[in-house]
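The values are calculated or read from the model by the stated rules, or taken from the named source; none is laboratory data. None of these values were measured; they are calculated from a predicted model. Virtual Cβ from ideal backbone geometry, glycine too; neighbours counted across all protein chains shown. Surface areas here come from the heavy atoms of the whole protein model, side chains and all, with no ligands, DNA or RNA. Shrake-Rupley method; radii C 1.70, N 1.55, O 1.52, S 1.80 Å.
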Amino acid sequence: MRQFYYGLALFLFLALPPVRHLLESIMAMHMHMQMMLLLVSGLLMAPFIQKKFPALFMNFNKSGYPGLLLFLVIILYWLLPRTMDESLELWTVELFKFISLPFLAGVPIRDSWPKLREASQVVFFLVLGVIFSVMSYLYVFSESTLCNNYLMTDQKTVGYGFMFLAISILIYVLLILFTDQRQYFEKDSS
Amino acid sequence: MKKDIAAGIGIVVFGIILLFFTTNGFTAFTMEQQRVQDLQAQPPEFPDVEVVDQTGESYNFREFENKHVLMTFIYTSCAAACPEMSTNMKHVYELTEGKYFEDDLVFLSISFDTKRDTVEVLGRYAEYFNADAESWKMLRVPDDKELEKLLSVYGVTVIPEGDADYQHNTSFYILNPEGRLIEVLDYKDPETAAEILEKYLREQEEK
């Protein structure tokens, strides 16, 4: 329950007009902070929603893959350069951002995660790493601005942000593949 | 498990529909691409705007009707894309046969930095590129509201960058004699731009 309130507080904080304007004024903050934090607010609110609608998750996300798929669709949508421009210009898209990232990406991925086998989790990380690498390449090396509302330098910053994310994911995958993780989970199983 | 598969298929369909409508049928992944598509679809119009060229003579933008127009938007103190764009525009100018400039074609470089780009500044800038005021006009729009109108008709976004610079759309725009925007071309490829321009001019001649 506590987590839910933290998540809700974060969500409402991000929705405050001055916070929104500040975060959206810089492209890197828009993409790598506002959108990320919206996702995090969804992650925090997930347990409460899972308890409220157990049947929904039991029936339609038994294997965990539908939730994963929904997460990827929403992420892919927000990676399109034009959706970021549109969220600044159309209030409907802005509203969709505040609904889709927490509730259609954050909540389902938290519900799906424990249901997935380790191999699927690793594949998921690799897919995410590849997507972010492609985005990084696109934003760093693009010769024209992809978002009309932001400057060229902003765009490059976002590209390096993606590069950082992709490298972090790669390091994490190597870590879980080549180190013994059991010790961290022993308490749970006993 | 069956419901999972159904949910999975539902999500994929939802995803495809979502992406299809956002990207205008997988054709416009950036706002810029969408902008160009929208501009080409909009009804032709020469906006009613007063402009002044590098010699100080003023015109109505409507007077360019019945000619093909190759147009760029610039500011003369620009150090990044504009000089390259103007140099390439000169290249297109040289590649195009002179006879077309008599009645069928005019080149316009329109400044959106009205404050600094006075008639004298534009005159000096025109000299660098050997732009005579007849076939290649460097224009300023004295009235701020009218400038805004002109920029919005052609969907040009200008964002101030730092204290003295702007970031703006850099392309060659070609208008046909009715005022319809027929091409938005890469300014880095003057050869192709000249070829396409020539194609339209020849078609016009045959009519």
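Data overview
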| quantity | calculated |
| --- | --- |
| Residue in the range B:156-170 that is nearest to residue B:42 (Cα to Cα), counting only those that are within 9 Å of chain A (Cβ to nearest Cβ) and touching a residue at least 40 places away in the same chain (Cβ under 8 Å) | B:169 |
| Single unsatisfied condition, residue B:18 versus (1) more than 8 Å from chain A (Cβ to nearest Cβ); (2) hydrophobic (A, V, I, L, M, F, W, C); (3) more than 22 Å from residue B:153 (Cα to Cα); (4) surrounded by 15 or more Cβ atoms within 10 Å (Cβ to Cβ) | (1) |
| Meets criteria (exposed (fewer than 15 other Cβ atoms within 10 Å of the Cβ), out of contact with any Lys or Arg (no Cβ under 8 Å at 6 or more places or on another chain) and in contact (Cβ under 8 Å) with a residue 12 or more places away in the chain) for residue B:180 | no |
| Top-ranked residue of the range B:21-45 - restricted to ones that are open to solvent by less than 20 Å² (accessible area, probe 1.4 Å) and not hydrophobic (A, V, I, L, M, F, W, C), ranked as nearest to the other protein chains (Cβ to nearest Cβ) | B:30 |
| Within the range A:25-40, considering residues that are in contact (Cβ under 8 Å) with a residue 12 or more places away in the chain and within 14 Å of another protein chain (Cβ to nearest Cβ), the one least open to solvent (accessible area, probe 1.4 Å) | A:27 |
| Wholly within the range A:99-182, helices (runs of 4 or more DSSP H) carrying at least 3 residues that are β-branched (Val, Ile, Thr) | A:118-141, A:152-178 |
| Matching residues in the range A:61-82 - criterion: being of a type in the set (Val, Ile, Thr) and closer than 17 Å to residue A:46 by Cβ | A:74, A:75 |
| Unique residue being open to solvent by less than 30 Å² (accessible area, probe 1.4 Å), charged (D, E, K, R) and on the phi < 0 side of the Ramachandran plot when the list is B:48, B:117, B:104 | B:117 |
| Count of the range A:41-64 residues which are touching a helix residue (DSSP H, G or I) at 6+ places or on another chain (Cβ under 7 Å) and either β-branched (Val, Ile, Thr) or within 14 Å of chain B (Cβ to nearest Cβ) (or both) | 8 |
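Results for (1) more than 11 Å from every other protein chain (Cβ to nearest Cβ); (2) of a type in the set (Asp, Glu); (3) over 22 Å from residue B:20 (Cβ atoms); (4) open to solvent by 10 Å² or more (accessible area, probe 1.4 Å), shown as yes or no for each residue.
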| residue | (1), (2), (3), (4) |
| --- | --- |
| A:83 | no, no, no, no |
| A:94 | yes, yes, no, yes |
| A:97 | yes, no, no, no |
| A:104 | no, no, no, yes |
| A:131 | yes, no, no, yes |
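Per-residue answers, yes or no, for (1) at pLDDT 95 or above; (2) under 30 Å from residue B:167 (Cβ atoms); (3) open to solvent by 70 Å² or more (accessible area, probe 1.4 Å); (4) within 14 Å of chain B (Cβ to nearest Cβ):
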{"site": "A:118", "(1), (2), (3), (4)": "no, no, yes, no"}
{"site": "A:122", "(1), (2), (3), (4)": "no, no, no, no"}
{"site": "A:140", "(1), (2), (3), (4)": "no, yes, no, no"}
{"site": "A:150", "(1), (2), (3), (4)": "no, yes, no, yes"}
{"site": "A:154", "(1), (2), (3), (4)": "no, yes, no, yes"}
{"site": "A:160", "(1), (2), (3), (4)": "yes, yes, yes, no"}
{"site": "A:176", "(1), (2), (3), (4)": "no, no, no, no"}
{"site": "A:183", "(1), (2), (3), (4)": "no, no, yes, no"}
